[in-house]
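Okay, so here's the structure we're looking at.
Every number here is computed from the coordinates shown, using simple stated rules; none is lab data. Only a predicted model underlies this, so the values are computations on that prediction, with no experimental measurement involved.
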């Protein structure tokens with residue numbers, strides 16, 4: 001693939017080159033972290049210069065910042081270029097100005113964000129953006145699921161319509177099918193009954209079935225399969241999730257429900273509407289999360305909490321960590337250059353991770369010999385509550401609500417909020433969605449409160465301190481809502497909680 005080609009050269013020739021090439025991911029290249037990083041540095045720098053010449057909005061942005069792009073000649077120079085954000089870039093220019101050559105006609109798909117952070121934003125894709133996305137899908141579907149050899153039914157359970165996850169996944173899978181992968185796609189969308197109908201009525205036996213979907217939706221599906229006595233073990237079902245982080249307790253619970261002990265049985269993806277697919281959990285990243293203990297979290301991640309951990313290809317998404325936030329440079333219909341999505345996290349190069357594991361005598365059993373870098377992601381601050389000076393993070397709440405005693409009773413969806421009583425005293429409220437056929441009752445509320453307090457206090461020294469000092473003032477107020485509650489947990493609407 002020619003990553004330096006200008007957008008107008010994206011054509012059938014570009015597609016043919018990709019369809020007929022296996023050189024983007026080879027076993028030797030995946031083991032060569034230095035080579036991949038060198039290619040990534042060159043590509044990021046080239047993309048910056050291309051955008052500085054061909055994207056009207058970015059040309060103006062650099063002009064206002066008094067940046068002459070021709071003077072940016074090294075990757076170190078590039079890392080001093082002012083970052084773009086929604087505030088200073090996306091909101092400041094029209095949709096067309098942010099596209100290549102200011103031409104919307106060059107795009108072939110437009111999606112929107114889910115609107116969970118405000119009004120929806122529009123994002124365009126062209127052929128090269130989809131080819132890069134298909135390359136990322138090829139990486140994990142080939143090496144983790146052998147989808148180049150096994151007949152695979154992929155049920156796209158992401159929300160379709162105007163959102164990116166469902167349509168982008170379908171586009172990428174189509175390209176892989178054209179490349180000769182024995183993948184058959186179906187698009188039941190964010191509809192559990194539609195997925196169930198497919199599973200119950202399969203006219204053909206596949207080597208494996210991969211189901212994609214928003215994380216709580218996959219748990220709902222797994223529980224539905226058990227209730228309907230679907231032999232998921234015989235069907236070789238795998239789950240690919242996204243939308244929010246998951247705990248290892250949650251992963252193990254869902255794996256047990258679908259009867260799949262494969263390390264790849266339940267994998268989470270890191271993606272967004274603006275940057276599409278960026279990172280993937282791998283057997284190694286999962287193994288690391290399982291084996292590191294709270295006492296060394298800070299050595300690995302700079303904070304005393306466990307983030308989501310993914311591998312990524314820096315040639316496709318060029319991550320930087322600046323002041324604890326992830327910046328990405330990525331080709332798309334609206335190219336992103338040092339774009340700050342305000343995702344809290346960081347990067348760990350492969351060798352650095354290897355050294356950290358050795359330093360702490362942590363032995364892992366990787367099923368793959370990739371040497372790709374890692375990106376870690378904390379929950380966004382908007383899903384955090386500060387009460388009496390203690391930060392209560394989404395990761396800690398998710399861990400508590402994923403307790404084995406609660407997994408069959410609640411979906412895992414929640415809203416953590418700070419409210420005030422009539423005397424303006426802060427109250428930490430946790431609104432939680434009940435599972436199908438589970439009724440609200442005081443005994444269940446009490447159980448959740450006890451588990452919440454115990455588990456969060458174990459992981460969070462700030463909360464433990466204020467709990468010991470202030471007692472009831474910092475205990476959560478648990479509010480339970482019926483499954484699919486129209487105001488807080490509506491069906492078929494993707495709402496991130498972390």
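Return the tail of the calculated pair distribution for segment 110-258, meaning the percent of Cα-Cα pairs more than 19 Å apart. Please list the in-between numbers first.
Numbers: 6035 of 11026 pairs.
I get 55 percent for the Cα pairs in segment 110-258 exceeding 19 Å.
Rounded to whole Å, give me the distance from the Cα center of segment 140-210 to that of segment 388-416.
Value for the Cα centre distance between the two parts: 30 Å.
If you wrap segment 285-353's Cα atoms in a convex hull and average its projection over all directions, what's the area in nm²? Before the final figure, lay out each step's value.
Details: hull surface 20.4 nm².
Average projection, Cα convex hull of segment 285-353: 5.1 nm².
With axes computed from alpha carbons, what is the tilt in degrees of helix 248-258 against the longest principal axis of the chain, rounded to the nearest 10 within 0 to 90?
90 degrees
Share of antiparallel DSSP beta bridges in segment 385-481, in percent to the nearest 5?
Details: 11 of 16 bridges.
In segment 385-481, DSSP labels about 70 percent of beta bridges as antiparallel.
Whole angstrom only: what separates the Cα centroid of segment 41-67 from the Cα centroid of segment 325-365?
23 Å
Report the far tail of the P(r) of segment 1-378, meaning the percent of Cα-Cα pairs longer than 28 Å. Before the final figure, lay out the partial values.
On the way: 32327 of 71253 pairs.
Value for segment 1-378: 45 percent of Cα pairs lie more than 28 Å apart.
In bins 10 Å wide, starting from 0, what share of all Cα pairs of segment 61-131 does each bin hold, as a percent?
Final binned percentages: 16, 38, 37, 10.
How much of the DSSP bridge set in the chain is antiparallel, in percent, rounded to the nearest 5? Please report the intermediate quantities before stating the final value.
Values: 38 of 63 bridges.
Among the beta bridges of the chain, antiparallel pairing accounts for roughly 60 percent.
Can you tell me the 0 to 90 degree angle between the C-alpha axis of helix 442-459 and the longest principal axis of the chain, rounded to 10?
It works out to around 60 degrees.
Size of segment 385-481 along its principal axes in angstrom, Cα-based, largest extent first?
37, 31, 20
Could you give the length gained by full extension between residue 31 and residue 441, i.e. 0.36 nm per residue of separation minus their alpha carbon distance, to one decimal place? Don't skip to the answer; put the middle values down first.
Working: separation 410, 0.36 × 410 = 147.60 nm, distance 5.40 nm.
142.2 nm is the gain from fully extending residue 31 to residue 441.
With angles folded into 0 to 90 degrees, how steeply does helix 164-178 sit against the dominant principal axis of the chain? Use alpha carbons for both and round to 10.
50 degrees
Over segment 148-296, calculate the relative contact order: mean separation of alpha carbon pairs under 8 Å at least 6 apart, over the residue count, as a percent. Kindly include the intermediate steps, with their values, before the conclusion.
Numbers: 219 pairs, mean separation 31.1, N = 149.
It rounds to 21 percent for segment 148-296.
So what is the relative contact order for segment 385-481, in percent, with contacts set as C-alpha pairs under 8 Å and at least six apart? The partial results should precede the final answer.
Values: 141 pairs, mean separation 33.6, N = 97.
Computed value for segment 385-481: 35 percent relative contact order.
Given the alpha-carbon gyration tensor of segment 258-388, what are the semi-axes of its equivalent ellipsoid in whole angstrom, ordered largest first, with each equal to the square root of 5 times an eigenvalue?
Details: eigenvalues 110, 74, 49 Å².
Ellipsoid semi-axes (Å, largest first): 24, 19, 16.
Any idea what the relative contact order of the chain is, in percent, if you count C-alpha pairs under 8 Å spaced at least 6 apart?
Relative contact order of the chain: 13 percent.
Given the Cα-Cα distance of residue 298 and residue 358 and 0.36 nm per residue of separation, how much length would full extension add, in nm? Please list the in-between numbers first.
Working: separation 60, 0.36 × 60 = 21.60 nm, distance 1.58 nm.
Computed gain between residue 298 and residue 358 is 20.0 nm.
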